[in-house]
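What follows is a set of notes on a single structure, which appears directly below.
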Amino acid sequence: MIETTLNAQTVNYLTERELADMIKNQEFKEEFSVQIYNFFTDVPLEDIMRFVIKYKIDENILLQYYESFVKELYPNRELEEMLRDVI
């Protein structure tokens with residue numbers, strides 16, 4: 001489900017595992033910028049939390065990634081509130 005949302009507007013394909021690894025390693029690959037922004041803006045919060053649990057991503061790491069690479073261009077207040085409530 002998440003991969004469909006991530007890759008809806010793109011020619012290149014990003015898997016959930018690749019995205020999880022980028023988040024854990026705090027890497028932003030320009031060739032996947034659309035998919036990364038889609039994840040943080042178009043994926044429902046419930047699905048983001050399932051993703052975090054499935055790939056064992058610490059919520060602090062997810063928040064740090066969001067604030068470092070996404071927030072300035074595509075802020076998501078609901079995500080921010082959710083992560084701050086969890087942390």
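The values are calculated or read from the model by the stated rules, or taken from the named source; none is laboratory data. Bear in mind the structure is a predicted one, so any value in this text is a computation, not a measurement. Don't worry about glycine lacking a Cβ; one is built from the backbone with ideal geometry, like all the others, and counts go over all protein chains shown. Each accessible area value is taken on the protein alone, full model and side chains, heavy atoms only, with ligands, DNA and RNA left out. Shrake-Rupley method; radii C 1.70, N 1.55, O 1.52, S 1.80 Å.
Once the Cα atoms of helix 16-25 and of the chain are each reduced to a long axis, what angle between those two axes, in degrees from 0 to 90 to the nearest 10, is obtained?
The angle comes out at about 50 degrees.
Starting from the Cα of residue 29, draw a straight line to each of the lysines and keep only those under 18 Å, dropping any in the same chain fewer than 8 residues away.
Of all the lysines, those that pass the test against residue 29 - Cα under 18 Å, at least 8 places apart if same chain - are 71.
Check each of the chymotrypsin sites (Phe, Trp or Tyr not before Pro) in region 1-65 and keep only those in coil by DSSP with at most 15 other C-beta atoms within 10 angstrom; list them in order. Don't skip to the answer; put the middle values down first.
Details: sites: 13, 28, 32, 37, 39, 40, 51, 55, 65; in loops: 13, 28, 55.
Of the chymotrypsin sites (Phe, Trp or Tyr not before Pro), the ones in loops of region 1-65 whose Cβ has at most 15 other Cβ atoms within 10 Å are 13, 28, 55.
Relative to the longest principal axis of the chain, what angle (0 to 90°, nearest 10) does the C-alpha long axis of helix 33-42 take?
Long axis of 33-42 versus the principal axis of the chain: about 50 degrees.
Loop-only check: which GluC sites (Glu not before Pro) in region 1-72 are DSSP coil with at most 10 other Cβ within 10 angstrom?
72
Determine how large the accessible area of residue 1 is when every protein chain is in place; take a 1.4 Å probe and give Å² rounded to the nearest 10.
Residue 1 has an accessible surface of roughly 150 Å² with all protein chains in place.
Compute the accessible area per residue over the chain, keeping the other protein chains in place, probe 1.4 Å, unit Å². Please report the intermediate quantities before stating the final value.
Values: 5130 Å² over 87 residues.
Value returned for the chain: 59 Å² of accessible area per residue.
If you put +1 on each Lys and Arg Cβ and -1 on each Asp and Glu Cβ, how big is the dipole of the chain around its Cα centre, in Debye rounded to 20?
With Lys and Arg at +1 and Asp and Glu at -1, about 160 debye.
Which whole-number percent is the relative contact order of region 31-87 (Cα, under 8 Å, 6+ apart)?
On the way: 22 pairs, mean separation 27.0, N = 57.
Relative CO of region 31-87 lands at 47 percent.
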